[in-house]
Amino acid sequence: MKNIFLVFDKINKNLDDEKEIKIVESCFNNSCLKEGFLKVSDEKPKTIFKKYCKKNNIDVDWKKIKNNKKVLDYFIGTLKNKYKRPRPKKILAKKNKKYEKIKNMTSYSFPSGHTAGARFIAELLANDHPKYASDFFTLSDLIGQSRLENGVHYETDVLWGKYLGEQLANTIIK
C-alpha cells in the first residue's frame, strides 16, 4: 500500500485550485442531482447504499463493511492531513457571497472521503452481488458528482477519492 502514497505525492504536485474552481462553480450553479440526493449523500453515502439494498432485498453484512472501511478511513485521514488542500469554499466565498451557504467542512479537501467511501462500498458490494454491480457503481459515481455540486470538493479530489476507494477495496477482496 506504500505505492498509494507515491501515487498521491505525484498527483498533489499538479493540483491547481484556481484552474479547478471553475468546474466546481459550474457544478454548484448548474446542479443536475436532486436536492434530496445531495443532502443524503452529503451526510452519509452508506445510507444511499443501504436504502438501495433494502429496496432490492439484497442481504449485506454491513458490520463487515464497516470493519473493512477502517483501513480506508486511515488512508483518507493520512492523505488529507499530509496535503492540507483547502476546500473550494475558501476561494468561492471570496468571489461571491452566495457561496457562503456552502457547508463548512472540518477536514481538508484532497482526496474526497465521501467519494472514496462510496467507491469502496460499491466495490465490496459488487464483489458479493455481481448482478447489481452496475447500479452500485452508478450510485458511487453520483455520490462523487454530489461532492462537486455541493461545492465541497474539486474534480481531482473526487477522481482520486474514487481511485483510492477502488484500490483499497480490491486489495481487501484479493
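The values are calculated or read from the model by the stated rules, or taken from the named source; none is laboratory data. Predicted, not measured: the structure shown is a model, and the values here were computed from it. Backbone-built Cβ (ideal geometry, glycine too); neighbour counts: all protein chains shown. Note: accessible area is taken over every heavy atom of the protein model, side chains too, but ligands, DNA and RNA are not part of it. Shrake-Rupley method; radii C 1.70, N 1.55, O 1.52, S 1.80 Å.
Structure data summary
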item: Mean ellipticity per residue at 222 nm, deg cm²/dmol - from DSSP H runs of n ≥ 4 across the chain, formula -39500 (n - 2.57); result: -23000 deg cm²/dmol
item: In nm, spacing of pseudo-spin labels at residue 32 and residue 83 (7 Å Cα→C-beta vector); result: 2.4 nm
item: Nearest-20 debye value, region 1-144 charge dipole, Cβ charges on Lys, Arg, Asp, Glu; result: 540 debye
item: Alpha-carbon centroids, region 90-158 and region 16-84: separation in whole Å; result: 4 Å
item: Student exercise, region 7-52 dipole from Lys, Arg, Asp, Glu Cβ charges, in Debye to nearest 20; result: 420 debye
item: Cβ-placed point charges (K, R +1; D, E -1), dipole of region 126-174 about Cα centre in debye, nearest 20; result: 180 debye
item: Charge dipole of region 12-166 about the Cα centre (unit charges at C-beta), most positive-ward option of 133, 122, 150; result: 150
item: Kirkwood Rh (inverse of mean 1/r, distinct Cα pairs), region 87-147, angstrom; result: 13.2 Å
item: Those residues of region 35-77 whose amide nitrogen sits under 17 Å from the label point placed on residue 103, 7 Å along Cα→Cβ; result: 35-51
item: Percent of C-alpha pairs per 10 Å bin, region 19-174, short to long; result: 11, 41, 33, 13, 2
item: Listed residue (113, 7, 40) projecting farthest to the positive dipole end of region 1-132, Cβ model; result: 40
item: In nm, spacing of pseudo-spin labels at residue 134 and residue 93 (7 Å Cα→C-beta vector); result: 4.3 nm
item: Using alpha-carbon coordinates, inclination of helix 62-83 to the longest axis of the chain, degrees; result: 30 degrees
item: Highest average packing first - 151-158, 79-86, Cβ atoms within 10 Å; result: 151-158, 79-86
item: From phi via Karplus (6.51, -1.76, 1.60), per-residue ³J(HN,Hα) for region 110-126 in Hz, x at Gly/Pro; result: 10, x, 6, x, 5, 5, 4, x, 5, 5, 4, 5, 4, 5, 5, 5, 5
item: Net charge contributed by nearby residues that have their C-beta within less than 14 Å of residue 35 (K/R +1, D/E -1); result: +1
item: Surface share of carbon and sulfur [accessible, 1.4 angstrom probe, percent] for region 40-100; result: 52 percent
item: Where region 1-110 is the region considered: accessible area per residue in Å², 1.4 Å probe; result: 69 Å²
